[in-house]
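*Asks:* Got a structure for you, questions after.
Values in this text are rule-based calculations from the coordinates and carry no lab data. It should be emphasised that the depicted structure is a prediction, and the values quoted were computed from it without experimental measurement. Every residue, glycine among them, receives a Cβ derived from its backbone with ideal geometry; neighbour counts consider all protein chains shown.
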Amino acid sequence: MEIRGVFIQDTFAEAFGMRAARLIITARTLKWAREAALKLTGFATSVIACKCEAGIERELAPAETPDARPGVSVLFFTMDMDSLGKRLTERIGQTVLTCPTASCFDGLPAAVDRLPAGRALRVFGDKLQISKIVGGQRYWRIPVMEGECLVQESFGVQKKGVGGGNFLVLAASADAGLAAAEAAVDAIEGMPGVILPFPGGVVRSGSKVGARNYKGMIASTNDAYCPTVRPRTKTELPDGVNAVLEVVLDGLDAPTINRAMRAGIEAACRPGVRAIGAGNYGGKLGPYHFHLRQVMADGDV
Amino acid sequence: MSSDVIRLTLRSSIDQPVEIDGLTPDRTAMLSEAEISTLPVFIGSRRAALGDFFVVDGERSNRLHIDGDLRNVSGLGAAMTSGELLVHGSVGGRVGAGMTGGSIEIDGDAGDDAGLGISGGALRIRGDAGDRLGAAPAGAAKGMTGGEIAVSGSAGTEVAARARRGLVAVGGDVGADAARAIIAGTLVVFGRIGTDPGRGSKRGSIVALGEIEIPSTYEYACTYQPTYVRMLLTYLSRRYGMTAEAATLDGPYARYCGDAGHPGKGEILAYTPANR
């Protein structure tokens with residue numbers, strides 16, 4: 001299969017089940033909502049070292065938020081419920097609670113499974129906090145030096161979240177690869193239910209499981225796709241490829257990842273790109289397999 | 001066979017007090033048209049049948065719509081647990097009293113004791129309400145313990161008295177003793193609030209968008225912009241179509257803590273525009 005002269009490899013992206021939450025962060029202005037969201041999603045690229053993965057889903061107009069203020073929607077992923085609750089409490093506590101005028105609401109109100117992250121934060125109020133129920137949902141008003149911080153008590157959990165959707169841009173040059181990856185990110189950003197947790201949505205240091213030469217390493221460089229060591233390793237690089245970038249996607253479900261991969265790959269097929277590949281572990285680790293040719297043929301997973 | 005909606009139409013005007021307790025959508029959901037027509041109605045101590053007063057059209061539905069002026073009918077929707085009750089017209093006392101779930105909408109006025117002691121569900125009154133809206137039944141320690149009451153017009157005295165939880169919103173004015181001895185919950189009043197609001201309150205909130213005389217037993221804390229009020233007013237606008245002036249969303253609001261000695265965890269949030 002080729003798209004505008006770019007070869008689509010016959011391979012698949014291997015992804016994992018994750019627990020996901022959606023946070024609605026609002027503030028007096030979009031600037032402050034973004035400030036809180038950027039801090040909350042900072043250092044959240046990979047569960048390997050960050051314990052969670054998070055990113056901004058999109059900006060929200062006042063008509064879309066519970067308090068009719070500008071807001072930002074954030075998606076948050078971990079490997080299990082327990083860690084999701086802990087990370088949410090830590091991060092909301094350190095980034096929204098501290099941010100001037102910011103509030104935090106649940107963005108998955110229909111979810112049956114819920115985590116009481118806001119309830120855990122209430123104790124910061126030292127028994128001066130106030131509980132309020134509006135529309136069947138409990139909120140906490142926590143007194144702070146500025147006035148009050150408003151936080152919803154519980155946050156819905158999507159148990160069918162998917163992390164680690166990906167595709168590789170195999171390019172003739174680093175510049176061509178970066179331009180293609182940027183085009184892919186532009187195409188995916190703003191799509192509902194998906195985030196790209198890495199810097200600018202792009203990863204240059206794709207990894208393999210473990211390491212051949214260092215014991216105890218959880219992950220090490222994906223040398224099969226590193227051009228500088230092509231003669232020294234069992235390379236997967238086609239001729240003419242001198243740079244590879246990876247776009248990693250986390251989504252609320254598999255169909256969302258499928259749609260986003262299709263949009264991203266379509267945009268990435270541009271001059272200077274030799275092929276589109278994907279990262280997998282032979283299909284033994286992750287239950288979700290996104291076959292590139294099936295994805296681009298508009299098929300489901 | 002079940003109907004989408006059960007419609008009750010008044011045969012002729014009711015000019016004497018009538019009690020219709022137990023006419024709830026959760027109950028009609030299990031009854032045939034004939035069974036609904038034989039539900040008991042009390043005129044004083046005299047027993048009659050619902051079909052004597054209404055033409056019943058439909059059966060086995062948890063959506064119950066009633067047309068007519070029912071000012072002399074009390075107890076409509078009392079103890080309702082689920083479903084939808086819609087009345088095109090005004091109703092008498094105790095509408096929705098003790099309801100635990102479902103929704104009641106009155107496209108008219110309601111008498112005294114509307115939503116008395118409710119613990120869940122939503123009671124929407126598009127006209128005015130009488131005294132003791134959402135308050136405690138006689139002799140009870142607690143008023144409403146949950147649910148929401150939204151009144152577009154004004155309400156009488158002792159609104160939300162002894163409320164333990166829940167939300168009461170009044171688009172117009174309320175009378176004296178609003179939120180008296182409130183234990184928790186929230187009363188929002190868009191208009192003027194009568195004398196002695198929040199007297200003896202333990203916790204709970206009064207949000208005053210209009211005029212209010214702050215009792216001397218409440219202590220001023222600060223003037224600020226509570227996001228909670230903004231969210232609450234946004235919710236009332238979206239859920240019930242009760243839209244306050246745009247300026248009230250951000251305030252500022254003066255916060256008063258009280259009632260002194262009871263033990264003062266309650267609050268009055270009074271909208272305080274610069275020109276007031």
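*Asks:* Whole Å is fine, so just give me how far the alpha carbon centre of the stretch A:27-88 lies from that of the stretch B:136-192.
*Replies:* Rounded to whole Å, the Cα centres lie 37 Å apart.
*Asks:* Please state the charge dipole magnitude for the stretch A:119-212, taken about the Cα centre, from unit charges on C-beta atoms (+1 on K and R, -1 on D and E), reported in debye and rounded to the nearest 20. Can you show the working numbers first?
*Replies:* Details: 11 positive and 8 negative charges, 138 e Å.
So the dipole magnitude of the stretch A:119-212 works out to roughly 660 debye.
*Asks:* For chain A, what is the mean residue ellipticity at 222 nm derived from helices alone (per DSSP H run of n ≥ 4: -39500 (n - 2.57); sum divided by total residues; nearest 500 deg cm²/dmol)?
*Replies:* Numbers: 7 runs with 66 residues, N = 301.
Rounded to the nearest 500, it is -6500 deg cm²/dmol.
*Asks:* Taking the highest mean first, how do the peptides A:125-133, B:206-214 order by number of other beta carbon atoms within 10 angstrom per residue?
*Replies:* Output ranking for A:125-133, B:206-214: B:206-214, A:125-133.
*Asks:* Return P(r) of the stretch B:17-118 (all Cα-Cα pairs; 5 Å bins starting at 0; whole %; ordered from short to long distances).
*Replies:* 3, 14, 25, 28, 21, 7, 0
*Asks:* Okay, next question. Compute the distance in nm between two label points, each set 7 Å from the Cα along the Cα-to-Cβ direction, one at A:Arg114 and one at B:Ala247.
*Replies:* Once both label points are built, they end up 3.7 nm from each other.
*Asks:* While we're here: Give the relative contact order (percent, whole number) for chain A; include only Cα pairs under 8 Å separated by 6+ residues.
*Replies:* Relative contact order of chain A: 26 percent.
*Asks:* Pop out the Kirkwood hydrodynamic radius of the stretch B:1-68 from its pairwise C-alpha distances, inverse of mean 1/r, in Å to one decimal. Each step should come with its number before you reach the end.
*Replies:* On the way: mean 1/r = 0.0835 Å⁻¹.
Kirkwood hydrodynamic radius for the stretch B:1-68: 12.0 Å.
*Asks:* Would you compute, for the Cα atoms of the stretch B:122-255, the largest minus smallest coordinate along each principal axis and list the three values in descending order, in whole Å?
*Replies:* The Cα atoms of the stretch B:122-255 stretch 40, 34, 22 Å along the principal axes, largest first.
*Asks:* Now for a separate question. Hey, got the dipole for the protein assembly as shown? About the Cα centre, +1 on K and R Cβ, -1 on D and E Cβ, debye to the nearest 20?
*Replies:* Details: 62 positive and 63 negative charges, 416 e Å.
My answer is approximately 2000 debye.
*Asks:* I'd like the distance between the alpha-carbon centres of the stretch A:194-251 and the stretch B:23-63, rounded to an integer number of Å.
*Replies:* If we compute the Cα centre of each part, the gap is 72 Å.
*Asks:* What is the calculated FRET efficiency for A:His289 to A:Lys86, with r their C-beta to C-beta distance and R₀ = 30 Å, to the nearest 0.05? Kindly include the intermediate steps, with their values, before the conclusion.
*Replies:* Working: r = 30 Å, r/R0 = 1.00.
Calculated transfer efficiency: 0.50.
*Asks:* Follow-up question, since we're still on this one. Helix B:227-240 versus the longest principal axis of chain B: what angle, 0 to 90°, nearest 10, using Cα atoms?
*Replies:* Taking Cα atoms only, the helix is inclined about 20 degrees.
*Asks:* Given the C-alpha atoms of the stretch A:31-114, compute the convex hull and give its volume per residue in Å³. Mind dumping the intermediate values first?
*Replies:* Details: hull volume 7.6 nm³, N = 84.
With only Cα atoms used, the stretch A:31-114 gives 91 Å³ per residue.
*Asks:* Taking every Cα atom in chain B, find the radius of gyration and the maximum pairwise distance Dmax, and write them in Å.
*Replies:* Looking at chain B, its Cα Rg and Dmax stand at 19.5, 62 Å.
*Asks:* Something else: May I ask which residue of B:Thr157, B:Thr81, B:Gln225 lies farthest towards the positive end of the charge dipole of the stretch B:72-271, with charges of +1 (Lys, Arg) and -1 (Asp, Glu) on Cβ and the Cα centre as origin?
*Replies:* B:Thr81
*Asks:* For A:21-31, what's the mean count of beta carbons from other chains sitting within 10 Å of each residue's beta carbon?
*Replies:* Mean shielding count: 1.
*Asks:* Please list, ordered by chain and number, the residues whose modelled amide H lies under 5 Å from the amide H of A:Ile8; skip anything fewer than 5 residues away on the same chain.
*Replies:* So A:Ile8 has HN proximity to A:Glu2, A:Ile3, A:Ile276.
*Asks:* Could I ask something else about it? Given Cβ point charges of +1 (Lys, Arg) and -1 (Asp, Glu) and nothing else, what value in debye, to the nearest 20, does the dipole of the stretch B:1-68 about its Cα centre take?
*Replies:* Numbers: 7 positive and 11 negative charges, 16 e Å.
Dipole of the stretch B:1-68, to the nearest 20 debye: 80 debye.
*Asks:* Now for a different question. Just the number, please: Stokes-Einstein D of the stretch B:156-226 in µm²/s, Kirkwood Rh from C-alpha pairs, 20 °C, 1.002 mPa s. List each step's numbers first, then the result.
*Replies:* Working: Rh = 11.9 Å.
Estimated via Stokes-Einstein, D reaches 181 µm²/s.
*Asks:* Can you list which of the chymotrypsin sites (Phe, Trp or Tyr not before Pro) found in the stretch A:1-57 are DSSP loop residues with at most 13 other C-beta atoms within 10 Å?
*Replies:* Working: sites: A:Phe7, A:Phe12, A:Phe16, A:Trp32, A:Phe43; in loops: A:Phe43.
Within the stretch A:1-57, the qualifying chymotrypsin sites (Phe, Trp or Tyr not before Pro) (loop, at most 13 other Cβ atoms within 10 Å) are A:Phe43.
*Asks:* While we're on this one: Helix A:81-91 versus the longest principal axis of chain A: what is the Cα-based angle in degrees, 0 to 90, to the nearest 10?
*Replies:* Helix A:81-91 sits at roughly 70 degrees to that axis.
*Asks:* Now, a different point. Relative to the longest principal axis of the C-alpha atoms of chain A, give the angle of the C-alpha long axis of helix A:254-268, reported between 0 and 90° and rounded to the nearest 10°.
*Replies:* 50
*Asks:* Other chains' Cβ within 10 Å of B:229-241 residues: what's the mean? Numbers along the way, then the final one.
*Replies:* Values: counts 3, 8, 14, 6, 2, 8, 6, 2, 1, 4, 2, 0, 0.
For peptide B:229-241, the averaged partner shielding equals 4.
*Asks:* On alpha-carbon atoms, Rg over Rh for the protein assembly as shown using Kirkwood Rh? Before the final figure, lay out the partial values.
*Replies:* Values: Rg = 30.0 Å, Rh = 27.0 Å.
The Rg/Rh ratio comes out at 1.11.
*Asks:* Taking the Cα atoms of the stretch A:18-158, what is the range of coordinates along each of the three principal axes, in descending order and whole Å?
*Replies:* Per principal axis, max minus min of the Cα coordinates gives 38, 29, 28 Å.
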